[in-house]
Every structure is written in C-alpha cells, then in structure tokens.
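The values are calculated or read from the model by the stated rules, or taken from the named source; none is laboratory data. Here the structure is a predicted model, which is why all the values come from computation and not from measurement. Here the Cβ positions follow ideal geometry from the backbone for every residue, glycine too, while neighbour counts run over all protein chains shown.
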Amino acid sequence: MMQYFNEPKLYTRVLDGFNIGFTSVFLLECILKLFAFKPKNYFLDRWNLFDFVVVIGSVVDITMNEVSSEQMFAFGFFRLFRALRLVKLLNQGSGIKTLLWTFLKSFQALPYVGLLIIMTFFIYAVVGMQMFGRIAVDDDTQINRNNNFQTFPQSLMVLFRSATGENWQLIMLACSNSPDVKCDAKAYPKEDDGLCGSPFAFFYFVSFVIICSFLIINLFVAVIMDNFDYLTRDWSILGPHHLDEFVRVWSEYDPEASGCVKHLDIVTVLKRIAPPLGFGKFCPHREACKRLVSMNMPLNRDGTVNFNATLFGLVRTSLNIKRPEGKGSLEKANEEMRAIIMKVWPKTSPEFLDTIV
C-alpha cells in the first residue's frame, strides 16, 4: 500500500516481509478459531466470515506475487485485502461499534433524503434546460462543451458541479443577461444575434446553492446525529449489546467453558460488569453480596453457579420481572416466572427451568 516508483529493493523486501508476517498472524488466528468453534459455529459470526475472506484474499495476493511474473495478468485487486485488515479495529472498542452501528442505522432514513435530492436536481435540471439550453457553447467561457444545459445529463452535471461549490458564481454569470452571452445558432436561428442569457440565472443558482449546500446536505448530518443520539441514549437500557461484556468477563473465570463459576468468584464477576446488567466496580462489596442473595440463583452441588442462571437472574433483577416482594412470595414469583417462560417458549425443558429459576 506504500509502494512508489523506483523504490529501493530493501524497502520492497521489508514491505513484503511485513505483509507475510501480518498475513501469517491472521491465518493462525483463523485456523485456531476454526478448531475452537468448529466451522458451523465459526461462520455464524459475520466478523469471523469477514476475517476468513480477508485471510483468503491475502494468501492469494502473496501467492500471486511469488509465482507470477510481470508478463502475467495484474492481481492488484487482491492487494485491497491488505487495507481491509484495518477494518478489524471496528470490532474492538465499544465506542467504534456505536459509531459504526449509527452509520448503518442511518442508511434506513437516508433514502428519503436522497429522494429529496433527486427531485431537486430533476426540477432544476429541467428548468435549466428551458432557460439556458440555447446559450452558445464556447470553450473560453464556463458554458462549454463539457459544461452546458443543452441536454438533461449535462444539466445534471452542471448542477452537481454547482452543488460542490466549484465556480458556481462564474457559471451563473455565464448564464445571465450579459452582452457576452450569445445564442447557439443551431438551437436558436435568427438573422440577428440574440441574447439567450436571463437575469433569472441569479435567482436560479443562488436558490439552488442554498437548498443543496445549506439545507439538503445538513439533512444528512441531522439524520446521522439524530440516530447517534437515539442509539447512545438507548445504550444505557438493557439490551443484547450488554451480553458481550458478560460473556467476556465470565470466560476469564471459566477458561474451560464449562458453563460454571465458583460461587466465591461470582461477586467479583458481577462487580466487573458495568450496569445495568452488572453491579459495576464502584458498588460496595457488602451491597453486591446483598443484591446477589436477593437474586436467589440456584447453586450447584459442587458450589458453582450456572452461566444461564446467573444471566437470567441479572436480567430478571435489572428489569424487575416477577421478583419476590416479601416473605413467602418467592415460590409464588418463581411459579409465575415459570409460567411466563413456558408461555413464550413452550418447548423449554423442565431441567432447564430448574437451572435458571
């Protein structure tokens, strides 16, 4: 990606070495994940699928560079996979995930803004053809063979150029009622050389630039900011995005993935998980123990706590679902909870119910 003309051979070898090194690390990670998760579970994760495609493309890139000669077809396309490795950074931090999720969610509303832009361009292109389509094409002016209103596609290109702010005021003057603005003889045959410019050009271009630059473009920003505000505000509400943190912390105390953690470690686990799912690191130890007792999670005979039981207890406590309110109400609350689970998931086994409730 950093190659340039007439570069030293040492520089090329260093770049190739880095490329092979990073590709080897990615390939090793891919192989280990395939063995750990098995292919069926591995490809269920979209990030794993993306990593697999990047690894295959990188391996093909290295292979083609080693076996192909300069006379063969260029395989520059596969070099794009080198840059795609940076996309893995999007899966690391929660802040980056929030921004990426906001950007993807904004696409649902952007088509409406895009439709408004298409309508605006269409209307102004038709009006421009009617008002300025007869202006003579002159390569010494802004109305030339590449920039004119004589056809609909050309009108769209002029408007797009004006929307970006490139010399739109000069194009406006070239369409005004200036003596230098002449008519195209083929489009407007007359014995005398009439003027095809119009003072309407000032209103036409100024209004178009205001609508595009200050209104429609800002709508894109408004949609993205609105989605960002909504998603970050909703981030504090318990949802599926909190499950990743719970799984990550749990795996540190259950490295063999047995699904159980010692009951002595469960307080530490829950204090390391941020609210609303966990207790948070600032929660006093005594208060954490009291909350843990109130959750009334089933305890295994070997003194361990089940993964599903812990997660279910945290969700039940956080959302305040069928929690006991006084003495003697625990069994009643649990029975009501069982009834709700069986109603929503009728095929739930009694053994699993005994595990979580």
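If you check CYS183 against the conditions, is it out of contact with any Lys or Arg (no Cβ under 7 Å at 6 or more places or on another chain) and farther than 17 Å from ILE211 by Cβ?
Working: out of contact with any Lys or Arg (no Cβ under 7 Å at 6 or more places or on another chain): no; farther than 17 Å from ILE211 by Cβ: yes.
Spelling it out, it is not the case that CYS183 is out of contact with any Lys or Arg (no Cβ under 7 Å at 6 or more places or on another chain) and farther than 17 Å from ILE211 by Cβ.
Give me the helices (runs of 4 or more DSSP H) completely within the stretch 255-357, filtered to those with at least 1 residues that are of a type outside the set (A, V, I, L, M), closer than 28 Å to ALA36 by Cα and touching a helix residue (DSSP H, G or I) at 6+ places or on another chain (Cβ under 7 Å), ordered by residue number. Explain how you work it out, then say what you get.
On the way: elements: 266-272, 285-295, 307-319, 330-344, 350-356.
By residue number, 266-272, 307-319, 350-356.
If ILE217 satisfies all but one of (1) modelled with pLDDT of 80 or more; (2) of a type outside the set (Phe, Trp, Tyr); (3) outside any loop (DSSP other than H, G, I, E, B), what's the number of the condition it fails?
The single condition ILE217 does not satisfy is (1).
If you scan the stretch 270-288, which residues turn out to be over 15 Å from TRP250 (Cβ atoms), surrounded by 13 or more Cβ atoms within 10 Å (Cβ to Cβ) and either modelled with pLDDT of 80 or more or touching a Cys at 6+ places or on another chain (Cβ under 8 Å) (or both)? Give the steps one after another, and end with the answer.
Start the filter on the stretch 270-288 by keeping residues that are over 15 Å from TRP250 (Cβ atoms), which leaves 275-276, 280-288.
Subset that is surrounded by 13 or more Cβ atoms within 10 Å (Cβ to Cβ): 275-276, 280, 283, 288.
Passing the criteria: PRO275, GLY280, CYS283, ALA288.
Since PHE107 meets every condition but one in (1) of a type outside the set (Asp, Glu); (2) touching a Lys or Arg at 6+ places or on another chain (Cβ under 8 Å); (3) without any contact (Cβ under 8 Å) to a residue 40 or more places away in the chain, which condition does it not meet?
(2)
Select, from GLN108, GLN142, the only residue that is under 17 Å from PHE220 (Cβ atoms), assigned to a loop (DSSP other than H, G, I, E, B) and of a type outside the set (A, V, I, L, M). Before the answer, list the steps.
On the way: GLN142 fails: under 17 Å from PHE220 (Cβ atoms).
Residue meeting the stated conditions: GLN108.
So, of the residues in the stretch 13-63 that are among the acidic types (Asp, Glu) and assigned to a helix (DSSP H, G or I), which turns out to be farthest from LEU80 (Cα to Cα)?
Initial filter on the stretch 13-63 (among the acidic types (Asp, Glu)): 16, 29, 45, 51, 61.
Within this subset, residues satisfying the condition of being assigned to a helix (DSSP H, G or I) are 16, 29, 51, 61.
On the way: ASP16: 15, GLU29: 20, ASP51: 14, ASP61: 9 Å.
Restricting to residues being among the acidic types (Asp, Glu) and assigned to a helix (DSSP H, G or I), the top hit is GLU29.
Looking at SER176, is it among the polar types (S, T, N, Q), surrounded by 14 or more Cβ atoms within 10 Å (Cβ to Cβ), part of a loop (DSSP other than H, G, I, E, B) and in contact with a Gly (Cβ under 6 Å, 6 or more places away or on another chain)?
Details: among the polar types (S, T, N, Q): yes; surrounded by 14 or more Cβ atoms within 10 Å (Cβ to Cβ): yes; part of a loop (DSSP other than H, G, I, E, B): yes; in contact with a Gly (Cβ under 6 Å, 6 or more places away or on another chain): yes.
Yes; evaluated as a whole, the condition is true for this residue.
Here are some conditions: (1) modelled with pLDDT under 85; (2) surrounded by 15 or more Cβ atoms within 10 Å (Cβ to Cβ); (3) more than 30 Å from GLY128 (Cβ to Cβ); (4) touching a Ser or Thr at 6+ places or on another chain (Cβ under 8 Å). VAL223 meets all but one. Which one does it not meet?
That leaves (3) as the condition not met.
From the residues in the stretch 311-347 that are of a type in the set (Lys, Arg) and under 23 Å from VAL269 (Cβ atoms), which one is modelled with the highest pLDDT? Walk me through it before giving the result.
Just the residues of the stretch 311-347 that are of a type in the set (Lys, Arg), to begin with: 316, 322-323, 327, 332, 338, 343, 347.
If we keep only those that are under 23 Å from VAL269 (Cβ atoms) too, we end up with 316, 323.
Details: ARG316: 81, ARG323: 69.
So the residue we want is ARG316.
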